[in-house]
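One structure is given below, encoded as structure tokens.
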Amino acid sequence: MKITDITLDRLRLPLDPPLHAAWDPVPRRVFDATIVRVHTDAGLVGIGSGDTMDGFDAFRDLFVGTDPLAIARHVRAIETCTFHGGNYWPLEAALWDLAGQAAGLPVATLFGGARDRVPAYASFCVPRPASQRVEVAHRVAEEGFRAAKIRIDRDRIDEGVATVAAVRTALGDDFTIMVDLNQSWRMAGDIAPATDLAGTRRLVRRLADLDVFWVEEPLPYADVDGFRTLRAENPGLRIAAGEMAHSVPEIVDWIHRDVLDVYQMDVVLSVGMSRARTLAELAMLRHRAFTPHSWTNGIGVLANLHVAAGVGGGPWFEFPYDPPDWTPARRDFPLVSGPVVGGDGTIAVPSPPGLGVVLDEDAVQRWRIT
């Protein structure tokens, strides 16, 4: 079997009303998705999505004509391309989707098949007043979720802590709460400095008092000693990070130096599926957790789910969901149907071979920009 072509569909969904995500310096008025298709002479087509794939046209010839199942070779080639261009991990997702189809197995089975479902948490994105956040938290709890993640705006810390406290009071001790501070990286054009270490230490102590399960991305990635300080000072609370960390040696060093409790590398944005599996296994061998970031579209959610379930990650899986602002209808707009969370609060690995992606070709045509 040979790769005959790699095609990209660039889609853009207008967002009306705009999405006021905590990490965006301005409200998001469009949601872009790049669909990667790996075509073969056997008629199989693998599908991936996640990062933008900007600049990939310059590197397509490195893959066309090769064996799509030589994924280790392709991962190394993608890493060399990344040095000169963008992050092309959606291509690896498409290759694994194709490999699963060729084998007649879900990708999670190829990655170890440790789990067939994982407990999901509702990953909120909009900073809301306490009363509104409690209302949404009640809604997702009624739908079966037993955990949710709340964002705290760096410019409204007291309001954010009050919101966490309100959710804790309203939903009780049995509902798990995570908090994301979004301080490890910035969107393009956002040059605001991160909250300093002293302020972050005070904030994390306040969140520990509210029995928060983990605090995510509290510091810039470079502040390794700061991460270790937060862990040492708050033994009853976990520190999570790594969703956009692109350096495999750096993450290996974090694991060796015991920097984090929870490693969150996104398989279509950060280090790819194969490398994330290796790093996840290293972390879990050290009795640390792997639960990936999954804030792209439904295809990216599926790719992360297959890796997490395959290696036995957890104890939670991120499900981007913050109704009414962010719903599967928006997140999964290129798909006939996207991943769903059952009434038991878990997300099941799709049973079809590959990643289980079913594109809505009408939607692809409708929203295609190039």
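The values are calculated or read from the model by the stated rules, or taken from the named source; none is laboratory data. None of the values given here were measured: they were computed from a predicted structure. Neighbour counts run over all protein chains shown; Cβ positions are idealised from the backbone, glycine included. Accessible surface areas use protein heavy atoms only, side chains included; no ligands, DNA or RNA. Shrake-Rupley method; radii C 1.70, N 1.55, O 1.52, S 1.80 Å.
Within segment 27-44, the residues that satisfy the criterion of being in a strand (DSSP E or B) and open to solvent by 30 Å² or more (accessible area, probe 1.4 Å) are R28, R29, V30, D32, R37, H39. Of the residues D24, D51, D9, the single one that is among the acidic types (D, E), in contact with a Leu (Cβ under 7 Å, 6 or more places away or on another chain) and open to solvent by less than 50 Å² (accessible area, probe 1.4 Å) is D51. Taken as a whole, the structure leaves A329 outside the set of residues that are over 26 Å from Q101 (Cα atoms) and within 15 Å of the chain's Cα centre (by Cα). Any residue that is touching a Phe, Trp or Tyr at 6+ places or on another chain (Cβ under 7 Å) and of a type in the set (S, T, Y) - is there at least one of those in segment 86-99? Yes, the conditions are met somewhere in segment 86-99. Could you go through segment 16-26 and let me know if any residue there is of a type in the set (V, I, T), free of Cβ contacts under 8 Å to residues at least 60 places away in the same chain and part of a strand (DSSP E or B). No, segment 16-26 has no match at all. Scanning segment 11-31 finds no residues that are closer than 18 Å to A303 by Cα and in contact with a Ser or Thr (Cβ under 8 Å, 6 or more places away or on another chain). Evaluating N304 against the criteria (1) touching a residue at least 40 places away in the same chain (Cβ under 8 Å); (2) closer than 26 Å to P127 by Cα; (3) surrounded by 24 or more Cβ atoms within 10 Å (Cβ to Cβ); (4) touching a His at 6+ places or on another chain (Cβ under 9 Å) leaves one unmet condition, (1).
Which one of G104, G172 is more than 26 Å from A194 (Cα to Cα) and open to solvent by less than 30 Å² (accessible area, probe 1.4 Å)? Steps first, answer last, please.
Details: G104 fails: open to solvent by less than 30 Å² (accessible area, probe 1.4 Å).
After applying the criteria, what remains is G172.
A quick yes/no check of all residues on (1) more than 19 Å from C125 (Cβ to Cβ); (2) of a type in the set (F, W, Y); (3) buried (at least 21 other Cβ atoms within 10 Å of the Cβ):
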{"site": "A162", "(1), (2), (3)": "no, no, no"}
{"site": "R206", "(1), (2), (3)": "yes, no, no"}
{"site": "D209", "(1), (2), (3)": "yes, no, no"}
{"site": "P218", "(1), (2), (3)": "no, no, yes"}
{"site": "R228", "(1), (2), (3)": "yes, no, no"}
{"site": "I239", "(1), (2), (3)": "yes, no, yes"}
{"site": "P249", "(1), (2), (3)": "yes, no, no"}
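So in segment 107-133, with the set limited to residues that are part of a helix (DSSP H, G or I) and either in contact with a Ser or Thr (Cβ under 8 Å, 6 or more places away or on another chain) or hydroxyl-bearing (S, T, Y) (or both), which one is least open to solvent (accessible area, probe 1.4 Å)? Filtering segment 107-133 for residues that are part of a helix (DSSP H, G or I) and either in contact with a Ser or Thr (Cβ under 8 Å, 6 or more places away or on another chain) or hydroxyl-bearing (S, T, Y) (or both), the one least open to solvent (accessible area, probe 1.4 Å) comes out as R133.
Looking across segment 262-290, the residues that are open to solvent by 10 Å² or more (accessible area, probe 1.4 Å), farther than 27 Å from I35 by Cβ and in contact with a Gly (Cβ under 9 Å, 6 or more places away or on another chain) come down to E281, M284, A289.
What about D266, is it outside any helix (DSSP H, G or I) and modelled with pLDDT of 95 or more? Step through it out loud before you land on a result.
Details: outside any helix (DSSP H, G or I): yes; modelled with pLDDT of 95 or more: yes.
The answer is yes for D266.
Within the option set V215, V259, V252, being out of contact with any Cys (no Cβ under 8 Å at 6 or more places or on another chain) and part of a strand (DSSP E or B) holds for one residue only, V215. Only a single item in (1) under 27 Å from Q132 (Cα atoms); (2) among the hydroxyl-bearing types (S, T, Y); (3) not in a helix (DSSP H, G or I) is not met by Y221, and it is number (1). Checking each residue in segment 136-153 for being in contact with a helix residue (DSSP H, G or I) (Cβ under 9 Å, 6 or more places away or on another chain) and surrounded by fewer than 18 Cβ atoms within 10 Å (Cβ to Cβ) picks out H138, D153.
Does F59 satisfy the condition of being exposed (fewer than 15 other Cβ atoms within 10 Å of the Cβ) and in a helix (DSSP H, G or I)?
Details: exposed (fewer than 15 other Cβ atoms within 10 Å of the Cβ): no; in a helix (DSSP H, G or I): yes.
Judged against the criteria, F59 is not a match.
Among the residues in segment 67-75, are any part of a helix (DSSP H, G or I), modelled with pLDDT of 95 or more and open to solvent by 20 Å² or more (accessible area, probe 1.4 Å)? Checking segment 67-75: at least one residue is part of a helix (DSSP H, G or I), modelled with pLDDT of 95 or more and open to solvent by 20 Å² or more (accessible area, probe 1.4 Å).
Could you please let me know if V341 is at pLDDT 95 or above, open to solvent by 10 Å² or more (accessible area, probe 1.4 Å) and β-branched (V, I, T)?
Values: at pLDDT 95 or above: yes; open to solvent by 10 Å² or more (accessible area, probe 1.4 Å): yes; β-branched (V, I, T): yes.
So V341 fits the description; yes.
In the set (1) free of Cβ contacts under 8 Å to residues at least 24 places away in the same chain; (2) surrounded by fewer than 18 Cβ atoms within 10 Å (Cβ to Cβ), the condition left unmet by G85 is number (1).
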